[in-house]
Amino acid sequence: LPSVAEVDAAMAGQRAGAGVLAVHLQDEESGAAHRSAAALRRLRRQLVPPLVRNVHHVLLEAGRKTGEQDLLHLSLYVADLVADARYGLYSNFDAPGLQHLLSQFRASALELLSAGDGVETA
């Protein structure tokens with residue numbers, strides 16, 4: 001199979017040989033790609049916040065019901081994932097949604113503290 005670079009090079013060669021038609025098609029493809037990117041951003045804004053909330057909720061409630069501290073730790077790890085700039089999940093939330101999520105992360109932290117977590121305090 002050809003590599004991504006080889007496919008890109010082949011596509012660039014085809015466009016260059018077609019002249020004016022290639023420029024027109026490239027403009028149409030660029031517009032379609034822009035519309036597609038905008039549609040993906042809208043889809044992420046619709047799907048990511050409830051997915052993150054549900055994953056956190058399941059981990060928190062499972063940790064509460066079973067007493068498994070690992071699940072409580074994982075529920076707090078969701079906060080790390082949301083805050084991580086590599087994934088940019090935070091950009092899919094509006095201000096009230098982030099505020100609600102932060103209050104849920106607070107509940108995870110309090111639950112973990114009340115579970116003891118095996119940490120001795122002085």
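One residue alone among R106, R86 is in a helix (DSSP H, G or I) and free of Cβ contacts under 8 Å to residues at least 40 places away in the same chain, and that residue is R106.
The condition of being among the β-branched types (V, I, T), touching a helix residue (DSSP H, G or I) at 6+ places or on another chain (Cβ under 9 Å) and open to solvent by less than 50 Å² (accessible area, probe 1.4 Å) holds for only one of V55, V82, that being V82.
Every residue, every condition in (1) within 23 Å of L40 (Cα to Cα); (2) modelled with pLDDT of 95 or more; (3) not charged (D, E, K, R), yes or no:
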{"position": "V52", "(1), (2), (3)": "yes, yes, yes"}
{"position": "H57", "(1), (2), (3)": "no, yes, yes"}
{"position": "L81", "(1), (2), (3)": "yes, yes, yes"}
{"position": "Y87", "(1), (2), (3)": "yes, no, yes"}
{"position": "F93", "(1), (2), (3)": "yes, yes, yes"}
{"position": "E120", "(1), (2), (3)": "no, no, no"}
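A Cβ distance below 6 Å, combined with a sequence gap of six or more or placement on separate chains, defines the contacts here; from region 35-50, residues that are closer than 29 Å to Q104 by Cα reach residues that are part of a helix (DSSP H, G or I) and hydrophobic (A, V, I, L, M, F, W, C) in the pairs V48/L89.
The values are calculated or read from the model by the stated rules, or taken from the named source; none is laboratory data. Because the structure is a prediction, the values reported are computed rather than measured. Using ideal geometry, Cβ is built from the backbone for each residue, glycine included, and neighbour counts are taken over all protein chains shown. SASA here: full protein model, heavy atoms, side chains in, ligands and nucleic acids out. Shrake-Rupley method; radii C 1.70, N 1.55, O 1.52, S 1.80 Å.
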